[in-house]
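Notes follow once the structure below has been shown.
Readers should treat all values here as calculations from the given coordinates under stated rules, not as data from a laboratory. Since this is a predicted model, take the numbers as computed values, not measurements. Note that we place each Cβ from the backbone using ideal geometry, even for glycine, and neighbour counts take in every protein chain shown.
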There are 2 protein chains.
Amino acid sequence: MQRIETVEEMQVLSESIRMAGHTVGLVPTMGFFHEGHLELMRVARRYSDTIVVSLFVNPTQFGEGEDLTAYPRDLDGDLAKARDVGVDCVFVPSAEDMYPEGYQTEVRVRHLTRHLCGLSRPGHFDGVTTVVAKLFHMVKPHLAVFGQKDYQQLAVISRMVRDLNMDIEIIGVPTVREPDGLAMSSRNSYLSVEERESALSLSRSLTLARDMMTQGERNAATLREAVEKEIQSRPFTRIDYVRLCDPNTLEELETIENEALLALAVQVGKARLIDNCILRSETS
Amino acid sequence: MQRIETVEEMQVLSESIRMAGHTVGLVPTMGFFHEGHLELMRVARRYSDTIVVSLFVNPTQFGEGEDLTAYPRDLDGDLAKARDVGVDCVFVPSAEDMYPEGYQTEVRVRHLTRHLCGLSRPGHFDGVTTVVAKLFHMVKPHLAVFGQKDYQQLAVISRMVRDLNMDIEIIGVPTVREPDGLAMSSRNSYLSVEERESALSLSRSLTLARDMMTQGERNAATLREAVEKEIQSRPFTRIDYVRLCDPNTLEELETIENEALLALAVQVGKARLIDNCILRSETS
């Protein structure tokens, strides 16, 4: 497994892989790998000859007062895990290389970023789309793999790729969960034992909403209130948002006709956790 | 010479050229070719195996009340001229293909766009950087060629390319002028005989400033006033701006230490004309 630290080396390597007729699959990450990340790498492996995993804790997608400095890091552990999964190249650019002096360009997706986490974390998605656009130009992948746990991020990046005509296939991978349902996240490491117990209310509330749908409930407010009640019944939780929205536009729904994205963000102790599922009105 | 009208065909063609080991040079244009455009194509020819000229009058870089609908067009003439210069491929995308329904992404260079034309034409450069980023992803060039007549555009695009790590070389080509000094521009076609005579004051004022520099003048206000007086002495002219600024940051200068960009924008009849030169304090 190669480890690359400069943009130029990365571009030269990628160009040579492409010119040799091989495909490049990119998994952009902020490191501190868990099973969710490894699953993204396995999926990339399935669809491409060469896998590049980028590892960069991107400062521009953290807001003031967010957990940039506390964000967990474990480069040695990450390298070992990536090697075990068969990653070909780990790309670890420096912040100085990413954002040199004089840097002043941003990529912005306008409408999709006005909802959900875009409201709670102003500027977050501008940071995400900009760094992902940069990584795409650095790694020149044929395809890139993202987790569906960050549903809005996947939607925003897919939109950017389509709108800017980037010739890259975007693949979304279903959320990987702990055996008890907790969605895997690097931020789970912030949780105490008691907080982790409370954090289970996120996935439980998704199951609850799915059950209510099966029983015929179609009113978004009713579903939302049930989800909120489930989460609020646990200690250490503070809801940021619970939303039922159109899975394509992310606009809020009042009634669920066909399908809806149920998305939630909840502060549990020091961890801001997100989770989501698609609710479908078909009982099949 | 190939003529391509869809994004997908363009990407397939460019990818195949690249995979064959040949280089692609792009000249992005809004058509209505004059000698200035043809010079860009000749330069592209010098540095690349295959030349693609894109031809798209981009609506998003025109402001309200600007000359989008009046902008001169002559596709047949353009195709003939491009063929004569040895262009390999003319890419003529449609506005629907460029900006399909739901389109919502923009690329923005923040600081360089706050000066000169960025002030007079709000949103103009966001339209430029976004469409150029799209064209780069569509045509996948190794290099792209722009005219120095649009100095700020060249600076903004170079900044975008560097900031977003696009693996593309940007080449700036000196302004091509009519024998009497008028900078070539598609918008010169708006000028009456009398207006064209007045328009000569732009290039004359650049020469005047250069002469004053040679004679030792270093005060930006003095130089600016002389330039303004020269232009205002002609009928049909209305100055938008005359600025002396740092050639790298475009920030306004009070005194010229080493070099300065002298940039001007002047409405002459229906035509908004721009011109510029670099003033150097060396007398060599």
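Considering only residues of segment B:199-248 that are under 17 Å from B:Asp180 (Cβ atoms) and hydrophobic (A, V, I, L, M, F, W, C), which is surrounded by the fewest Cβ atoms within 10 Å (Cβ to Cβ)?
It comes out as B:Leu200.
Go through (1) touching an Asp or Glu at 6+ places or on another chain (Cβ under 7 Å); (2) crowded, with 16+ Cβ neighbours inside 10 Å; (3) over 22 Å from B:Asp67 (Cβ atoms) one by one and return the number of the condition B:Ser281 breaks.
The one condition B:Ser281 does not meet is (2).
Within segment B:85-199, which strands (runs of 3 or more DSSP E) (wholly inside it) include 2 or more residues that are within 13 Å of chain A (Cβ to nearest Cβ) and farther than 29 Å from B:Thr23 by Cα?
Output list is empty.
Give the residue that is nearest to B:Glu217 (Cα to Cα), with candidates limited to residues of segment B:246-284 that are in contact (Cβ under 8 Å) with a residue 40 or more places away in the chain, of a type in the set (D, E, K, R) and not in a loop (DSSP other than H, G, I, E, B).
B:Arg280
Here is a yes/no grid of residues against (1) touching a Leu at 6+ places or on another chain (Cβ under 9 Å); (2) more than 26 Å from B:Gln267 (Cβ to Cβ):
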{"site": "B:Glu8", "(1), (2)": "no, yes"}
{"site": "B:Val43", "(1), (2)": "no, yes"}
{"site": "B:Ser54", "(1), (2)": "yes, yes"}
{"site": "B:Pro59", "(1), (2)": "yes, no"}
{"site": "B:Lys81", "(1), (2)": "yes, yes"}
{"site": "B:Asp88", "(1), (2)": "no, yes"}
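I need the full set of residues from segment A:206-261 which are over 30 Å from A:Glu194 (Cβ atoms) and of a type in the set (D, E, K, R), in order please.
Selection gives A:Glu217, A:Arg218, A:Asp246, A:Glu251, A:Glu252, A:Glu254, A:Glu257, A:Glu259.
Return a yes/no flag: does segment A:154-174 have any residue that is farther than 18 Å from A:Arg243 by Cβ, over 18 Å from the mean Cα position of the chain (by Cα) and in contact (Cβ under 8 Å) with a residue 40 or more places away in the chain.
For segment A:154-174, residues farther than 18 Å from A:Arg243 by Cβ, over 18 Å from the mean Cα position of the chain (by Cα) and in contact (Cβ under 8 Å) with a residue 40 or more places away in the chain: present.
May I ask you to say which residue of A:Arg243, A:Arg238 is assigned to a strand (DSSP E or B) and under 12 Å from A:Leu116 (Cβ atoms)?
A:Arg243
Does A:Asp163 qualify as being farther than 23 Å from A:Ala260 by Cβ and buried (at least 21 other Cβ atoms within 10 Å of the Cβ)?
It is true that A:Asp163 is farther than 23 Å from A:Ala260 by Cβ and buried (at least 21 other Cβ atoms within 10 Å of the Cβ).
Name every residue in segment B:57-72 that is closer than 24 Å to B:Thr105 by Cβ and acidic (Asp, Glu), in order of residue number.
B:Glu64, B:Glu66
Would you mind stating whether B:Asn276 is under 23 Å from B:Arg114 (Cβ atoms) and crowded, with 17+ Cβ neighbours inside 10 Å?
yes
Output the residues belonging to segment A:133-153 that are in contact (Cβ under 8 Å) with a residue 40 or more places away in the chain and under 12 Å from the mean Cα position of the chain (by Cα).
Within segment A:133-153, A:Val145, A:Phe146, A:Gly147, A:Gln148, A:Lys149, A:Asp150, A:Tyr151, A:Gln152 qualify.
Residue-by-condition table, conditions (1) hydrophobic (A, V, I, L, M, F, W, C); (2) within 24 Å of B:Leu191 (Cα to Cα):
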| residue | (1), (2) |
| --- | --- |
| B:Ala265 | yes, yes |
| B:Val268 | yes, yes |
| B:Arg272 | no, yes |
| B:Ser281 | no, no |
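Taking segment B:86-113, which residues are farther than 21 Å from B:Ile157 by Cα and polar (S, T, N, Q)?
Passing the criteria: only B:Ser94.
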